[in-house]
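I have placed the structure first, in the form of structure tokens, so that the comments after it can refer back to it.
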Amino acid sequence: MSRLTNKVALITGAGNGQGAAEALLFAKEGAKVIATDIQFENVTAVVNNINEQYPNSAIALKHDVSSEEDWAAIVKAGVDAFGPITVLINNAGIQATKRYEETDIEYFRKAMDINAWSQFVGIKILAPIMKQAGGGSIVNIGSLASITSVGGFNSYTATKGAIEAFTRAAAAEFGPNGIRVNSIHPGGVETKMLTDTVTTNEMREAIISMIPLRRFGYVEDVANLALFLASDESTYISGAAHVIDGAMSIV
Ligand SMILES: NC(=O)c1ccc[n+]([C@@H]2O[C@H](COP(=O)([O-])OP(=O)(O)OC[C@H]3O[C@@H](n4cnc5c(N)ncnc54)[C@H](O)[C@@H]3O)[C@@H](O)[C@H]2O)c1
């Protein structure tokens, strides 16, 4: 038996990077996967690749995570396709690099809507379904920015700090219903978000020299942790913030 047999997993931001890696790994481990992204072409390509290897195990849906209407529509479509959703990976997100003096309310709100409100809505809409199914596992993707700061990135830090906090609140609220809620806090991970932010070789080398394991994370590193938290191997782990950063934050 595979590690996610009989589980139905909704993964947001699955058109690229970490979400795409999680969608592939979860299907490999026996889950039915509802892969969503605002970039529909990308998530369709991810799902086509998955279904070639693991037939009929995934569907692709267009989804703006900041829209509550979109959430309602994709959850309905997902449940219609595969039955009750018992795993949610709240992964979609954007970077926000403006400094305090350059940040206005629209910029801050956009980051909050896409990174934090989106995850809050996902929990709100899926908790009743998981309750009825007898439980579930929710994994919210934060960042090292939830916990530490390097200056700048202030809106991003606010969104990611909120994720760490409401993960605890949700874990406390839904624990009696058998729903576990955890957050993952990656350091730098080799995706477009990283290359858009760390733009020169000098920057890369300077940051890598501060990471005890001397590399950025791979998408598979984070996907493996998400898999563990989604699976029944972690049934007593909830309300916890899981740092995955090559030990960067401890030095
Ligand atoms: N890459 C890193 O270094 C790093 C570090 C810490 C945390 N994270 C977090 O990891 C998560 C995944 O990021 P990634 O590294 O795979 O980056 P990525 O840019 O490769 O993927 C992000 C995905 O989110 C999608 N997305 C953006 N806005 C959306 C919206 N409104 N609705 C739906 N989907 C939307 C994008 O289309 C994309 O597919 C994010 O929450 C990010 O903040 C990334």
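The values are calculated or read from the model by the stated rules, or taken from the named source; none is laboratory data. Quantities reported herein were computed from a predicted structural model and do not represent experimental measurements. In this analysis, Cβ positions are derived from the backbone assuming ideal geometry, glycine residues included, and neighbour counts consider all displayed protein chains. All accessible areas refer to the heavy atoms of the entire protein, side chains included, with ligands and DNA or RNA removed. Shrake-Rupley method; radii C 1.70, N 1.55, O 1.52, S 1.80 Å.
Residue ranking by accessible heavy-atom surface, 1.4 Å probe, largest first, among Tyr218, Tyr107 comes out as Tyr218, Tyr107. The H on the amide N of His242, modeled in the peptide plane, is under 5 Å from the matching H of Ser183, Ile184, His185, each at least 5 residues off or on a different chain. For the chain, modelled as a GNM whose springs connect Cα atoms under 10 angstrom apart, the maximal fluctuation among Glu41, Glu52, Glu102 occurs at Glu102. The portion of the accessible surface of the chain made up by carbon and sulfur, rounded to a whole percent, is 55 (1.4 Å probe; DNA, RNA and ligands excluded). Solvent exposure of the range 152-251, expressed per residue, is 48 Å² of accessible area, with all protein chains present and a 1.4 angstrom probe. Extension gain for the segment Ala73 to Thr148, taken as residue separation times 0.36 nm less the Cα-Cα distance, is 23.4 nm to one decimal. Equivalent-ellipsoid semi-axes for the range 44-124 (Cα gyration tensor, √(5λ), whole Å, largest first): 30, 15, 9.
Distance from the Cα centre of the range 136-160 to that of the range 75-115, in angstrom? Using only Cα atoms to place each centre, the spacing works out to 12 Å. The residue among Val43, Leu61, Phe82 whose Cα reaches farthest toward the positive pole of the charge dipole of the chain, with charges on the beta-carbon of Lys, Arg, Asp and Glu, is Phe82.
Along the range 19-35 the Karplus relation, 6.51 cos²θ - 1.76 cosθ + 1.60 evaluated at θ = phi - 60°, assigns HN-Hα couplings of x, 5, 5, 5, 4, 5, 5, 5, 5, 4, 8, x, 6, 8, 10, 9, 9 Hz to successive residues, with x for each Gly and Pro. Applying both filters, DSSP loop and at most 15 other Cβ atoms within 10 Å, to the trypsin sites (Lys or Arg not before Pro) of the range 177-220 gives Arg214, Arg215. Close amide H contacts of Ala92 (hydrogens built in the peptide plane, cut-off under 5 Å, sequence separation of 5 or more or a different chain): Thr12, Gly13. Pairs of C-alpha atoms in the range 119-251 farther apart than 21 Å represent 44 percent of all such pairs. Among the listed pairs Lys110/Lys131; Lys28/Lys110; Lys28/Lys62; Lys28/Lys76; Lys32/Lys124, those with a Cα-Cα distance over 28 Å are Lys110/Lys131; Lys28/Lys110. Taking the centroid of alpha carbons for each part, the range 179-218 and the range 1-47 are 22 Å apart. The phi-based Karplus calculation (6.51 cos²θ - 1.76 cosθ + 1.60; θ = phi - 60°) puts the 3J(HN,Hα) values of the range 114-122 at 7, 8, 10, 4, 3, 5, 4, 5, x Hz, whole numbers, x for Gly and Pro.
Both radii are taken from the alpha-carbon atoms of the chain; with Rh as the Kirkwood radius, Rg/Rh is 0.95. For Ala58, the residues whose amide H sits under 5 Å from its own are Val33, ignoring neighbours fewer than 5 places away on the same chain, with H placed 1.01 Å from N.
Each peptide among 55-63, 18-26, 147-155, 129-137 gets the average number of other Cβ atoms lying within 10 Å of its residues, and from highest to lowest they stand as 18-26, 55-63, 129-137, 147-155. Taking the Cα atoms only, what angle lies between the long axis of helix 154-174 and the longest principal axis of the chain, rounded to 10 degrees? Value to nearest ten degrees: 30.
With θ taken as phi - 60° and the Karplus curve 6.51 cos²θ - 1.76 cosθ + 1.60 applied, the whole-hertz 3J(HN,Hα) list for the range 188-195 is x, 10, 5, 9, 4, 4, 6, 5 Hz, x standing for glycine and proline.
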